[in-house]
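I have placed the structure first, in the form of structure tokens, so that the comments after it can refer back to it.
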Amino acid sequence: MAVIDSQVHVYEADTPERPWVHKITGPEHVTGDEQVAAMDALGIDGAIIVSTYTTYRYDSSYAEEVYARHRDRFALVKPVDPTDPAVAETIADWAVQPGAVGVRIMLAFAETKDSADPGLNRVLAEGARHGLPVNLYATKSLDDAYALIARNPDTVVVIDHVGLPQTHLRDETDVWSDLPKVLRLAELPNARIKLSGAGTMSNEAFPFNDLWDPLLQIIDAYGTERCMWGTDWTRAVKSLSYEQGVEFFRVTSRLSDSDRAMLMGGAVERTYGWAPSPLATSNTAGKVY
């Protein structure tokens, strides 16, 4: 089974030709070629590129350029604006874009988080219409997320980043204080969750053994088929290396080989209906994770 990182970001350096909207927490640039080289070094077959909201907002053109160069390694998720009257047309256009497998709402930053908001519901409805899972960045907004997902049972919704504070958002004494809300979301059969960036939540050095008790609660609640490992490594880079974000899942004794395979690739294939080209996996043939 392929090893697939459920969330990576790619972006160029901040230049007048392609300016950033806001400075990103991470390296000064991670181009598509640099991302592929990093994946090759760690035996990662493919990844979902989430077009970077921080730097490019709703402009996914750089992610599309990277996909065009590396079609066998990547699929694409695009942030969309629920307040845009033309968001339905945007999603329809995106659905036929080569490599497109999902859209994203930054619910934590939204003008309104009301589950009855027409714009939010329009995005979820159009996601269902076009077979695109909706990725939901909902940190500190999990009650709103629950209500929104419950209103749209035909839409596959993927909760980003464990649904909990990470890195610069870690202002709570306990980053796991909203864990019961994360577990409650598992009641909704159309909910999925990324365990992306989880390494930033550890209070220990690598291999982050203190993460496994809470992470296994999440995995048990959702089932491995609805949980996806991911690194979000560019945002996490001040807390851990890309290699550490990969290896703490590989070296733990808390997962069976079959669970590890599902979490590190199988669940992405099931959720997004995508896998890297078999030719791209030849560099990891024979490896067991």
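FYI, it's all coordinate maths here, none of it is from the lab. Small disclaimer: the values here were computed from a predicted structure and weren't measured. Ideal geometry is used to build each Cβ from the backbone, glycine not excepted, and the neighbour counts take in all protein chains shown.
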Pairwise label distance in nanometres, residue 23 with residue 129, each label 7 Å out on the Cα-Cβ vector: 4.1 nm
Residue-by-residue Karplus 3J(HN,Hα) for the range 125-138, coefficients 6.51, -1.76, 1.60, Hz, glycine and proline x: 5, 5, x, 5, 4, 9, x, 10, x, 9, 7, 10, 8, 10
Alpha carbon convex hull of the range 114-239, volume per residue in cubic angstrom: 108 Å³
Amide H within-cut-off set for residue 156, under 5 Å, with H built and near neighbours excluded: 134
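Take the alpha-carbon positions of the chain, form their convex hull, and give its projected area averaged over all directions (one quarter of the hull surface) in nm². Each step should come with its number before you reach the end.
Numbers: hull surface 54.9 nm².
For the chain, the mean projected area of the Cα convex hull comes to 13.7 nm².
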Proximal lysines relative to residue 140, as straight alpha-carbon distance under 25 Å, when same-chain residues fewer than 8 apart are discounted: 23, 78, 113, 181, 194, 238
Loop-located GluC sites (Glu not before Pro) in the range 190-269, at most 11 other Cβ atoms within 10 Å (DSSP): 204
Separation of the residue 188 and residue 217 label points, Cα + 7 Å toward Cβ, nm: 2.0 nm
Sorted by Cβ neighbour density within 10 Å, fewest at the top, the residues 65, 12, 89: 89, 65, 12
Distance between the range 139-158 and the range 238-268 - C-alpha centres, whole angstrom: 26 Å
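Most exposed first by the Cβ proxy, i.e. fewest other Cβ within 10 Å, how do 74, 208 rank? Can you show the working numbers first?
Values: 74 28, 208 22.
Neighbour counts put them in this order, fewest first: 208, 74.
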Residue among 264, 106, 228 with the largest mean-square fluctuation in a Gaussian network model of the chain, springs linking Cα atoms under 10 Å: 106
Orientation-averaged projected area, Cα convex hull of the range 177-217 (nm²): 3.2 nm²
Likely footprinting exposure, 44, 219, fewest C-beta neighbours within 10 Å first: 219, 44
Computed [θ] at 222 nm, deg cm²/dmol, the chain (DSSP H ≥ 4; -39,500 (n - 2.57); rounded to nearest 500): -9500 deg cm²/dmol
